[in-house]
Amino acid sequence: MTGTTASAATAPSRPTAPASMRRLALASLVANLVLLLVVFAGGRLYASFGSSARDLLVVDLLVNLVLVLGFQVFIGNTGVLSFGHLGIASVGAYTMALLAVPADRKAVLIPNAPWGIPEIELHPFVASLIAIGVGVLVALLLGLVAARTSGLAATMITLAFLAIVRQVAENRKDLTGGAQNLSSIPRLDGWSWALVGAAIAVTVAVLFRSSRTGRLAVATREDELAAGAMGIEVFSPRLIAFVVGGAVVTLGGVLRVQSLGSIGPSQFSFEFTILILAMLVVGGMRTVTGAIVGTVFITVGKEVTRFLGDGPDFLGFRWPVIDGLPDLFLAGSLLVVLLTRPAGLLGEFDLGAWLRRRVRGSTSPSGDSSAVTEDEVAPVPASTTGALRTDGLGVTFGGFIAVDEVTMRVEPGTIHGLIGPNGAGKTTFVNLLTGLVTPTEGTVHLGELELNGAPYRRARAGISRTFQNLRVFPALSVRENVAVVDLVAHAHRSHREGVGVDRLLVLAGLAELAERPASTLDYGNQRRLEIARAAALRPDYLLLDEPTSGMSSAESLEMVGHVRRVATAIGAGVLVIDHDLGFITNICDRITVLDQGAVLAEGTPDEIQRDPRVIEAYLGSGHG
Amino acid sequence: MTDVVQNLIDGLGAGSTYALLAVGVSMLFGVMHLVNFAHGELLTVGAYVIYGMRSNGISWLAVIPVAIASAVVLSMLIELVAFRRVRSASAFTLLLTSFAIEILSHAAWRIGVSSTPRRYEAPQIAFKVVEVGPFNIEVWDVISIAVAVACFAGTAIMLRTTMFGLAVRAASEDFDAARLMGVKANRVISGAFAFAGLLAGIAGALWLVRRGQADPRMGAEPLLKAVIAAIIGGLGSLPGAVVGGLSLGVAEVFFRSWLPSDLQGLTDSAVFVVIAVLFVVRPQGLFDVETAERV
């Protein structure tokens, strides 16, 4: 991510995005740490008016915040629900306890513990560090399973893990003391350690979000399929997020047992997991600010409802005792937020990003992009990889032949059209090229290289695509949509020269809109953003799936010029799919016509327009 | 040998309750890709209805239909108030919503009634045992199995012969396509919740007659079993859910009688590990939903 290779003659190959990303990360870090201090000061103020129970409340809030942020690192950045992280925290906390409880106490509590544990007596800090190491290891093993599956399966596996940890803790009495808690854990007094812990968690969460892995993970969260088509592999970012989250929750677990002084099997229960998840989801799981706000909201709400439920004399009235009121508040607020604001109270709001926008908005509009204009920079050298060709490529669904032994060839640097009436198999053909559909026969070659395997591998090999039904990363800014793919290009396409994120945005006419969330763009802009994003991968071939679908003829004409400019600028060949004969003949050097899955004709636009079979297919069946 | 047969009968008795719940869980997953952890709360409402009516001296014959009806009504109400709003949301939101409803229900019973269990007396028939040859057969087990079998048969017939059944099957295959063909989403989903509620109500009645008490959290454990059963059978596959439920019930009984006592506490863990492995190697469940015929 760092490094400064910029060739003097051509466009800078280092995009400015990482620098701006670093500034954003710094702003976010400072803002969220200040927010943490404000929350802490508020808590101390509240505690100074009451009993020592309120001191514990503040400590509790900070420790819970560590756990919430651990969940945030994984859930918030990957969009996969994990119930298992408190299981990891539990294993870590037990490790810490077993290493740090004084030997004379262990001789009473767990005299038969294996591995010489009764004799060990480490300093609590050393024990905590080892515990976090164990937590990371457990997270890695669980993550290897959970990150491989997606969605529901990952959730169920982590849920099962939580239950297993609890059962083992209950049943391995020789090791854990069973349902009798393991007590005499050296306790941490005061509150400063909890504040330090929370600050560490905030720092890790903010830095992870702005790290390379964090950004890739977020792209997979936004759209797994589109991420794959842009060369982003799902597994590793997800695994790393799982492990980093595991480390943070283990820190929280270790702090929690040192604040309580004891640990038992029910301490990191399913109910506690729901509490932590509620804090995360209510505030907004996608940002650190959301996690902090949610933690405070739920903690304050539970404190208020606990007070009311205890039957206080309040406002000159004796309130009834209501058992379970805090739980009702917890479940009620979680449900209301899920039903009305699924992204949480704060949604995408991050304090640092917001402040930065406010400050920059009043000075100058984004200075990065205005520096680059279109004519200043020469196009990058064209790809030299060779032709993109298919040989007898076909696929059958059940008995239906969707694509029938298609052999075709796209020459480097050319714009090649693939046209055919609806249902001719055009999109299926693109899905075969990009690996979304596995062929039943035939091969795809890019130059000398045979393309096979997962979509992300093929994208890294040099083909990137757009989608017929738009698939931008909706919650990410326009710039980040392109920049995150540029990141992939730096790692896997560095032999090609890039034109830079800013120039791609200028080319797409999106420079002014760069900081807007992609979901707020109109249709045409989202189309051009998808093309810019695909171009950022520095592909040898750009595959455009119906780029004019849903556009007026004026817009289509504009799109012709746009596709040409982008293709020239990045030095890539283009395979463009459309059913609009006018658009295709306008833009393409060569055209292949598909009908009912098979090649009907191939040639220059002129030849195609004169071909009687094409006219037949188009006027006979295409115009319905 | 007699042990084996005895265990089999006991296991099928418990398993039929799991299977009735699991069929509901699986059906809801089929139509809206939801693993409904609030489904167990339908047992809880039935238990409190039984407690309320029995403590007023109302006959069991009247109590049971009302308890079953309460489960149907609550199921439809949950769909109407909560799941309808998040129907097109991610699996993440759906799942958390179902958990939120579960906790809300626990808290509501604690506040509305009490966190201490409410007891009612089980009828005589619940524990009646007859000796058939070498076997001690609990009459209620036989009734449970018979009722469950009737329910499965009824479900199969319903899915094959009624318009609603056709719509549910179509929606499970491809909801969007089903909608294009004129299937009304609200009606199918609401109907599926009602039907799943009916099965849960019947499962609840069979279980609750013997249980003898109502408490706020009672729905959680059987529901977890049902979810496991549905996963074993392949979420969305109804025959799979039946087989999953029955085999889970039988497996539990055999584990309990064969495993040494210090390992018994870990039987659930063993099941969970099997589930996790299953998810990794056969995410579609034991029965291939793609090719196996769905009821």
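The values are calculated or read from the model by the stated rules, or taken from the named source; none is laboratory data. Values in this document were obtained by computation on a predicted structure and should not be read as measured data. So basically every Cβ, Gly included, is an ideal-geometry build from the backbone, and we count neighbours across all protein chains shown.
Brief remarks on what is shown
- Matching residues, region A:72-81, being crowded, with 24+ Cβ neighbours inside 10 Å and at pLDDT below 90: A:80, A:81
Quick grid of which residues meet (1) part of a loop (DSSP other than H, G, I, E, B); (2) over 23 Å from the mean Cα position of the chain (by Cα):
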site: B:29; (1), (2): no, no
site: B:49; (1), (2): no, no
site: B:76; (1), (2): no, no
site: B:86; (1), (2): yes, no
site: B:95; (1), (2): no, no
site: B:105; (1), (2): no, no
site: B:131; (1), (2): no, yes
site: B:142; (1), (2): no, no
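- Subset of region A:463-520 that is of a type in the set (Asp, Glu) and buried (at least 19 other Cβ atoms within 10 Å of the Cβ) - its residue that is nearest to residue A:389 (Cα to Cα): A:486
- When residues of region B:76-104 are limited to those that are among the small types (Gly, Ala, Ser) and within 9 Å of residue B:38 (Cβ to Cβ), the one nearest to the other protein chains (Cβ to nearest Cβ): B:100
- Scope region A:294-349; condition away from chain B (no Cβ under 14 Å), out of contact with any Ser or Thr (no Cβ under 8 Å at 6 or more places or on another chain), at pLDDT 85 or above and in a helix (DSSP H, G or I); matching residues: A:295, A:296, A:299, A:300, A:303, A:304
- Screening A:256, A:215, A:209 for residues that are at pLDDT 90 or above, over 12 Å from the mean Cα position of the chain (by Cα) and of a type in the set (Lys, Arg) leaves exactly one candidate, A:256.
- Check on residue A:190, assigned to a loop (DSSP other than H, G, I, E, B) and more than 14 Å from every other protein chain (Cβ to nearest Cβ): yes
- Taking the criterion of being farther than 30 Å from residue B:79 by Cβ and within 14 Å of another protein chain (Cβ to nearest Cβ), the only residue of region B:105-141 that qualifies is B:116.
- Looking only at residues of region A:227-241 that are of a type in the set (A, V, I, L, M, F, W, C) and assigned to a helix (DSSP H, G or I), we find that the one that is farthest from the chain's Cα centre (by Cα) is A:229.
- When residues of region B:135-178 are limited to those that are surrounded by 15 or more Cβ atoms within 10 Å (Cβ to Cβ) and among the charged types (D, E, K, R), the one farthest from residue B:192 (Cα to Cα): B:138
- Lone unmet requirement of (1) away from every other protein chain (no Cβ under 14 Å); (2) under 20 Å from the mean Cα position of the chain (by Cα) for residue B:59: (2)
- Any hit, region A:242-250, residues being part of a helix (DSSP H, G or I), within 14 Å of chain B (Cβ to nearest Cβ) and in contact (Cβ under 8 Å) with a residue 24 or more places away in the chain: no
- Residue under evaluation residue A:379, criteria (1) in contact with a Gly (Cβ under 8 Å, 6 or more places away or on another chain); (2) surrounded by 20 or more Cβ atoms within 10 Å (Cβ to Cβ), criterion not met: (2)
- Qualifying residues in region A:151-191 (those that are polar (S, T, N, Q) and at pLDDT below 85) - the one surrounded by the fewest Cβ atoms within 10 Å (Cβ to Cβ): A:180
Condition check ((1) outside any helix (DSSP H, G or I); (2) small (Gly, Ala, Ser); (3) more than 11 Å from chain B (Cβ to nearest Cβ); (4) surrounded by fewer than 24 Cβ atoms within 10 Å (Cβ to Cβ)) across all residues:
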| site | (1), (2), (3), (4) |
| --- | --- |
| A:96 | no, no, yes, no |
| A:108 | no, no, yes, yes |
| A:122 | yes, no, yes, yes |
| A:125 | no, no, yes, yes |
| A:134 | no, no, yes, yes |
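- Of the residues making up region A:95-106, those that are touching a Pro at 6+ places or on another chain (Cβ under 6 Å) and over 19 Å from residue A:170 (Cα atoms) number 1.
- Subset of region A:101-150 [of a type in the set (Val, Ile, Thr) and more than 30 Å from residue A:189 (Cβ to Cβ)]: A:145, A:149
- Exclusive hit being of a type outside the set (Ser, Thr, Tyr), surrounded by fewer than 23 Cβ atoms within 10 Å (Cβ to Cβ) and modelled with pLDDT of 85 or more, set A:56, A:29, A:65, A:69: A:29
Each row is one residue, and each column tells you yes or no for (1) touching a residue at least 60 places away in the same chain (Cβ under 8 Å); (2) touching a strand residue (DSSP E or B) at 6+ places or on another chain (Cβ under 8 Å); (3) more than 30 Å from residue A:359 (Cβ to Cβ); (4) not in a strand (DSSP E or B).
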| residue | (1), (2), (3), (4) |
| --- | --- |
| A:515 | yes, yes, no, yes |
| A:519 | no, no, no, yes |
| A:525 | no, no, no, yes |
| A:530 | yes, no, yes, yes |
| A:534 | yes, yes, yes, yes |
| A:547 | yes, yes, yes, yes |
| A:575 | yes, yes, yes, no |
| A:584 | yes, yes, yes, yes |
| A:592 | yes, yes, yes, no |
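- Checking the stated criteria, residue A:306 turns out not to satisfy the condition of being over 29 Å from residue A:94 (Cβ atoms) and charged (D, E, K, R).
- Cβ-Cβ distances below 6 Å connect the following pairs, each with a first residue in region A:143-164 that is at the interface with chain B (Cβ under 7 Å from one of its Cβ atoms), a second residue that is outside any helix (DSSP H, G or I), and a separation of six or more residues or different chains: A:153/B:283; A:155/A:81.
- Test result for residue A:258, more than 14 Å from chain B (Cβ to nearest Cβ) and outside any helix (DSSP H, G or I): no
- Selection from region B:220-242 of residues that are outside any helix (DSSP H, G or I) and either crowded, with 24+ Cβ neighbours inside 10 Å or aromatic (Phe, Trp, Tyr) (or both): B:234, B:235, B:237
Okay, residues lined up against (1) closer than 30 Å to residue A:510 by Cα; (2) of a type outside the set (A, V, I, L, M); (3) under 42 Å from the mean Cα position of the chain (by Cα):
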site	(1), (2), (3)
A:562	yes, yes, yes
A:565	yes, yes, yes
A:568	yes, yes, yes
A:580	yes, yes, yes
A:586	yes, yes, yes
A:589	yes, yes, yes
A:597	no, yes, yes
A:604	no, yes, no
A:614	no, no, no
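- Any hit, region A:554-567, residues being hydroxyl-bearing (Ser, Thr, Tyr) and at pLDDT below 85: yes
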